[in-house]
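This report concerns only the one structure given below.
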Amino acid sequence: MIELKRKLEILADAAKYDASCASSGSHRKRAEKGIGNTEGMGICHSYTPDGRCISLLKLLLTNVCIWDCSYCINRKSSDIQRARFRPEEVVRLTIDFYKRNYIEGLFLSSGIIQNADYTMEQLVLVAKKLREEENFGGYIHLKAVPGASPALLRQAGKYADRLSANIEMPVQEDLDKLAPDKTIHEIESTMAEVKGGIDESKQDAKTTKRPPAFARAGQSTQLVVGASKSNDGVILTKAEALYKKFQLRRVYYSAFSPAQFTDPNLAKDPTPPMREHRLYEADWLIRHYGFAAHEIADSLENGNLDLTKDPKLAWALKHRGLFPVDVNRASKGLLLRVPGIGVRNVERILKIRRFHRIRTDDLIRIKISMNRAKWFVTTADHNPDVYRLDSNYVLDRFRPKKVQPSLFDTGVSRVSVVTGEI
Ligand code: SF4
């Protein structure tokens, strides 16, 4: 019988591969008597609907699985140590950690035990015990097991704040090759069921004072990147379709990294973390900047995002004919496409120009990144020579300046990234 501490080590470590609840991936040496550890698994961070960052105990109920997804270390043919929590053990750990103020909630996933319904039942049991026996009011994120019965999914939504059914691959052909037990149809039916519950609860909220809650923080999913041959265009198109069809809160992208016991037939090289990063940027453009996935996909060479430029800049350089944009006259949609100008600054520009013609100083004052934007906009006192966008002098300025040493154990260099508005 494995003791609880050992189970915790195994099942918290096994949960780290699920990106649908984001967590840090850095590692660092700790001085002998120092405190803190970035490598320890088990606690990750997530964001509530109101934007608060919270710590979650991130666990698998078990890493035993009857399915055999070749990209997953927990698949049935993988030679790893197995463990399984009893539902009351997870409840106890959650409450103990919560009382010590280590966590504010629980993220619970699982390998498939016996069948989808039994697994979902066990996950629901944990959430039910927490809510009904322990009066736990913290955040709960549960895995929605594809193929679980609608009744069980309804119960899961009643107790959990968020549900996530991981689709993993963008097309059925990829699943056929790498995860033969899964089908897109079954996973999407699970998502549809969760969406149905969320819609009903919103509808009830209009007529009832205290409607029964259902997955208040919505649903999310995860796509594994680089395990199959599907390119970024295909991945983004699928993500966009999922956002539209099931109103997902987030699609997470997880760069495939061959672990010790993953199928040797899969890619031997890890997916560059920068590819995952670019997908998050493109996803952001789709959700907040009015880009359609096909617009991004159509401008890609070989179907993948350019690792050396953020997707908005890459798109703008491919569509130079649209620039420079006159900030005093351009539509909101066009302003959103200017590299260096973010959503909030577009709103500010629209407000300012009601009162006077915008000059470069106005843009600097609202902290627009003029290093990038100046090549793409005209103002009352600035008109870039658009043809310079073709010159190596300008293009050089958009190339990443330095390559930082790897932050991750994948052996792939991480290119320095300009963060903030894109
Ligand atoms: S269903 Fe597939 S991805 Fe999930 S734990 Fe089992 S083998 Fe891993």
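In the range 321-338, what residues are closer than 15 Å to Glu295 by Cβ, in contact (Cβ under 8 Å) with a residue 40 or more places away in the chain and in contact with a Leu (Cβ under 8 Å, 6 or more places away or on another chain)?
Arg337
Please return the ranges of helices (runs of 4 or more DSSP H) entirely within the range 266-330 where 2 or more residues are over 26 Å from Leu178 (Cβ atoms) and in contact with an Asp or Glu (Cβ under 8 Å, 6 or more places away or on another chain).
311-318
For the range 99-124: of the residues being of a type outside the set (A, V, I, L, M) and more than 18 Å from Val64 (Cα to Cα), which is surrounded by the most Cβ atoms within 10 Å (Cβ to Cβ)?
Gly105
Is it true that Pro211 is touching a helix residue (DSSP H, G or I) at 6+ places or on another chain (Cβ under 6 Å) and surrounded by fewer than 19 Cβ atoms within 10 Å (Cβ to Cβ)?
Judged against the criteria, Pro211 is a match.
Quick check on this structure: which one of Leu56, Leu130, Leu125, Leu142 is at pLDDT below 95 and more than 13 Å from the ligand (Cβ to nearest atom)?
Leu56
Quick check: is even one residue across the range 160-168 surrounded by fewer than 23 Cβ atoms within 10 Å (Cβ to Cβ), farther than 30 Å from Ile80 by Cα and touching a residue at least 40 places away in the same chain (Cβ under 8 Å)?
yes
Could you tell me which residue of the range 175-192 is modelled with the lowest pLDDT, considering only residues that are away from the ligand (no atom under 13 Å from the Cβ) and in contact with a Ser or Thr (Cβ under 8 Å, 6 or more places away or on another chain)?
The selected residue is Lys177.
One line per residue, one yes/no per condition, for (1) modelled with pLDDT under 95; (2) over 22 Å from Glu281 (Cβ atoms):
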| residue | (1), (2) |
| --- | --- |
| Arg337 | no, no |
| Arg344 | no, no |
| Arg354 | no, yes |
| Asp381 | yes, yes |
| Val386 | yes, yes |
| Asn392 | yes, yes |
| Lys402 | yes, no |
| Thr410 | yes, no |
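Given the conditions (1) under 30 Å from Asn231 (Cβ atoms); (2) surrounded by fewer than 19 Cβ atoms within 10 Å (Cβ to Cβ); (3) not aromatic (Phe, Trp, Tyr), report the number of the one that Arg337 does not fulfil.
(2)
Matching residues to (1) β-branched (Val, Ile, Thr); (2) in the same structural domain as Pro264 (by TED's automatic domain parsing); (3) assigned to a loop (DSSP other than H, G, I, E, B):
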site: Leu57; (1), (2), (3): no, yes, no
site: Ile95; (1), (2), (3): yes, yes, no
site: Leu106; (1), (2), (3): no, yes, no
site: Gly111; (1), (2), (3): no, yes, yes
site: Glu132; (1), (2), (3): no, yes, no
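Does Asn63 count as within 15 Å of the ligand (Cβ to nearest atom) and free of Cβ contacts under 8 Å to residues at least 60 places away in the same chain?
yes
Residues that are within 16 Å of the ligand (Cβ to nearest atom) and aromatic (Phe, Trp, Tyr): does the range 94-102 have at least one?
Within the range 94-102, none of the residues are within 16 Å of the ligand (Cβ to nearest atom) and aromatic (Phe, Trp, Tyr).
The values are calculated or read from the model by the stated rules, or taken from the named source; none is laboratory data. Just so it is clear, the structure is predicted and the values come from calculations on it, not from any experiment. Reconstructed Cβ throughout: ideal geometry from the backbone, glycine too, with neighbour counts over all protein chains shown.
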